[in-house]
Amino acid sequence: MGRAPSYLSSGFVEISQVHSHGTRGKSFDFHVSKEIAVSQTSFVFTAIKQWNELPQSLKGISSLATFKSKLKEYFMSSY
C-alpha cells in the first residue's frame with residue numbers, strides 16, 4: 001500500500017482495521033464497505049473482490065517480482 005493515488009487507495013481498508021474478529025484472511029484481505037458494494041461495477045469493488053479471492057499463499061508474498069511470477073502461474077493454471 002502507499003503507492004497508489006489517494007482517490008484509488010481510499011476504498012482499500014484492511015479487514016483488521018474494521019474489526020478484530022479472527023477471520024482466516026484478516027491479515028491480507030480488504031473490507032468491502034456499503035458505499036463500495038453499491039457500485040459493483042466500480043474499479044475498487046472489482047479489485048477488492050478479485051484480491052480477496054486469491055489464495056492466501058499468493059497474498060503473503062513480499063517480493064513484487066516473485067508475486068508477479070506466482071500470480072501469472074496461478075492465472076495460467078486456472079484457465
Query raised in the report: Looking at the range 58-79, which of the residues that are of a type in the set (S, T, Y) and open to solvent by less than 90 Å² (accessible area, probe 1.4 Å) is nearest to F28 (Cα to Cα)?
Result: S63
Report task. State whether one or more residues within the range 8-28 are hydrophobic (A, V, I, L, M, F, W, C), open to solvent by less than 60 Å² (accessible area, probe 1.4 Å), at pLDDT 85 or above and touching a Phe, Trp or Tyr at 6+ places or on another chain (Cβ under 7 Å). Result -> no
Requested in this report: Restricting attention to helices (runs of 4 or more DSSP H) lying wholly within the range 39-79, give those where 2 or more residues are touching a Leu at 6+ places or on another chain (Cβ under 8 Å) and free of Cβ contacts under 8 Å to residues at least 40 places away in the same chain.
Outcome: 43-53, 64-78
Query raised in the report: Just to be sure, is K49 open to solvent by 50 Å² or more (accessible area, probe 1.4 Å), among the basic types (K, R) and at pLDDT below 80?
Result: no
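The values are calculated or read from the model by the stated rules, or taken from the named source; none is laboratory data. Computed from a prediction, not measured in an experiment: that's the story for all the values here. Cβ atoms come from the backbone with ideal geometry, glycine included; neighbour counts cover every protein chain shown. Accessible surface is based on the protein model in full, side chains and every heavy atom, while ligands, DNA and RNA are left aside. Shrake-Rupley method; radii C 1.70, N 1.55, O 1.52, S 1.80 Å.
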